[in-house]
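Undergrad: My questions all concern the structure below.
The values are calculated or read from the model by the stated rules, or taken from the named source; none is laboratory data. From a predicted model like this one, the values you see are computed outputs, not experimental measurements. Virtual Cβ from ideal backbone geometry, glycine too; neighbours counted across all protein chains shown.
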Amino acid sequence: MTLSGKRVFITGAATGIGRATAEHLAAEGARVFGAGLDGAEGADLASRHARAKNLFFRESDLTREAEVQAAVAAAAGEFGGLDAVVNCAGIYPTGKRLEEVSDTEWERTLAVNLTAIFRVCRATLPLLRDAGGGSIVNIASVHAEATVPGVPAYAATKAAVVGLSRQMALDYAVDRIRVNSLLVGSVATRMTLDGLEAAGGAEALGLSFEPNRIARIANPSEIATAIAFLISDAASFVTGSAMQVDGGLLARLL
Ligand SMILES: NC(=O)c1ccc[n+]([C@@H]2O[C@H](COP(=O)([O-])OP(=O)(O)OC[C@H]3O[C@@H](n4cnc5c(N)ncnc54)[C@H](O)[C@@H]3O)[C@@H](O)[C@H]2O)c1
């Protein structure tokens, strides 16, 4: 896989899957510009790479159009263009059936999990086109296909991310821009650990931390390597796909 010299914009890069991806790609020779909330963690990440100058972070609320544009402009200014985009930022509100979800919560979930992807793609597509093509990876979830009680807005947004990615793959093939989504299973990040606590623990959901189990909880680096494949030239014929990286979670009936 050739990642050397790839210029990558990653949202949600300060923590979890985004952070693991930023670190993995930088270690493989890519140049990474991260954007997202959790500024202290983001600054810490960037400071670890200050000498190598291969990983930068800009605190940005990507539900705000002006902050999307500023972050993308900063990345383009730093690298002189972009070759790949990874949309990782997301929120996971749980524990409410649809009738209990307020307009504010519904709109916030759509704004972070879906509209921010639309805006980041809108801002970065011209840069990918100018580079002669590129790759966009949008982080969806197994919730696009099969879900759990109490997450109506999250499940709706993740299914929409799959649909959006597939559609974009068609419109942008002409520009040699590949667009794929990832159906991610449970990963040991803040998001999952908080969710598991609310649901009564991993066992209550039939999930496991044991490495030899189907439907186990992944390490964030196991998602990062799948993302690395999709943005590399090794995936030159992969577009419009919703790639399952879930440890067999969706394969399981009971
Ligand atoms: N952890 C899992 O089990 C799991 C499973 C499937 C999919 N996912 C998806 O993976 C992605 C990353 O989640 P994670 O598990 O690493 O959790 P996480 O909470 O560590 O990461 C989410 C990131 O999104 C950023 N973010 C939230 N709101 C934002 C906003 N308005 N603007 C900019 N950035 C914002 C946060 O700062 C954070 O860095 C999410 O899209 C999530 O839905 C996670």
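Undergrad: Which of the numbered conditions does GLY195 fail, given that it passes all the others? Conditions: (1) in contact with a strand residue (DSSP E or B) (Cβ under 9 Å, 6 or more places away or on another chain); (2) touching a residue at least 24 places away in the same chain (Cβ under 8 Å).
TA: Unmet for GLY195, out of (1) in contact with a strand residue (DSSP E or B) (Cβ under 9 Å, 6 or more places away or on another chain); (2) touching a residue at least 24 places away in the same chain (Cβ under 8 Å): (1).
Undergrad: Give, as residue ranges, the helices (runs of 4 or more DSSP H) completely inside region 1-100 that count at least 2 residues that are in contact (Cβ under 8 Å) with a residue 12 or more places away in the chain, within 16 Å of the ligand (Cβ to nearest atom) and farther than 24 Å from LEU230 by Cα.
TA: Numbers: elements: 16-27, 39-48, 65-79.
Those helices (runs of 4 or more DSSP H) span 39-48, 65-79.
Undergrad: For region 170-208, name all the residues that are more than 11 Å from the ligand (Cβ to nearest atom), under 24 Å from ILE227 (Cα atoms) and charged (D, E, K, R).
TA: Within region 170-208, ASP171, ASP175, ARG176, ARG178 meet the criteria.
Undergrad: Tell me, please, whether a residue that is crowded, with 17+ Cβ neighbours inside 10 Å, aliphatic (A, V, I, L, M), under 23 Å from ARG122 (Cβ atoms) and in contact (Cβ under 8 Å) with a residue 60 or more places away in the chain can be found in region 206-227.
TA: yes
Undergrad: Going through region 110-160 one residue at a time, which ones are under 26 Å from PHE237 (Cβ atoms) and within 12 Å of the ligand (Cβ to nearest atom)?
TA: ILE117, VAL120, VAL137, ASN138, ILE139, ALA140, SER141, VAL142, ALA144, GLU145, LYS158
Undergrad: Can you tell me how many residues within region 165-205 are closer than 30 Å to ARG129 by Cβ and surrounded by fewer than 19 Cβ atoms within 10 Å (Cβ to Cβ)?
TA: First pass over region 165-205, keeping only residues closer than 30 Å to ARG129 by Cβ: 165-184.
With the extra rule that they be surrounded by fewer than 19 Cβ atoms within 10 Å (Cβ to Cβ), the set shrinks to 166-167, 170-171, 173-176.
The total comes to 8.
Undergrad: Here's a follow-up. Between ARG64, ARG19, which is charged (D, E, K, R), under 21 Å from ASN138 (Cβ atoms) and under 16 Å from the mean Cα position of the chain (by Cα)? Even if it seems obvious, please write down each step before you answer.
TA: On the way: ARG64 fails: under 16 Å from the mean Cα position of the chain (by Cα).
Sole residue among the options that is charged (D, E, K, R), under 21 Å from ASN138 (Cβ atoms) and under 16 Å from the mean Cα position of the chain (by Cα): ARG19.
Undergrad: Let me ask something additional. Just to be sure, is PRO126 at pLDDT below 95, of a type outside the set (Val, Ile, Thr) and either surrounded by fewer than 23 Cβ atoms within 10 Å (Cβ to Cβ) or assigned to a helix (DSSP H, G or I) (or both)?
TA: Values: at pLDDT below 95: no; of a type outside the set (Val, Ile, Thr): yes; either surrounded by fewer than 23 Cβ atoms within 10 Å (Cβ to Cβ) or assigned to a helix (DSSP H, G or I) (or both): yes.
It is false that PRO126 is at pLDDT below 95, of a type outside the set (Val, Ile, Thr) and either surrounded by fewer than 23 Cβ atoms within 10 Å (Cβ to Cβ) or assigned to a helix (DSSP H, G or I) (or both).
Undergrad: If you check ALA131 against the conditions, is it more than 25 Å from ASP38 (Cβ to Cβ), surrounded by 15 or more Cβ atoms within 10 Å (Cβ to Cβ) and out of contact with any strand residue (DSSP E or B) (no Cβ under 6 Å at 6 or more places or on another chain)?
TA: yes
Undergrad: If you don't mind, another one. Could you check region 134-164 and list, in sequence order, the residues that are crowded, with 21+ Cβ neighbours inside 10 Å and hydroxyl-bearing (Ser, Thr, Tyr)?
TA: SER135, SER141, TYR154, THR157
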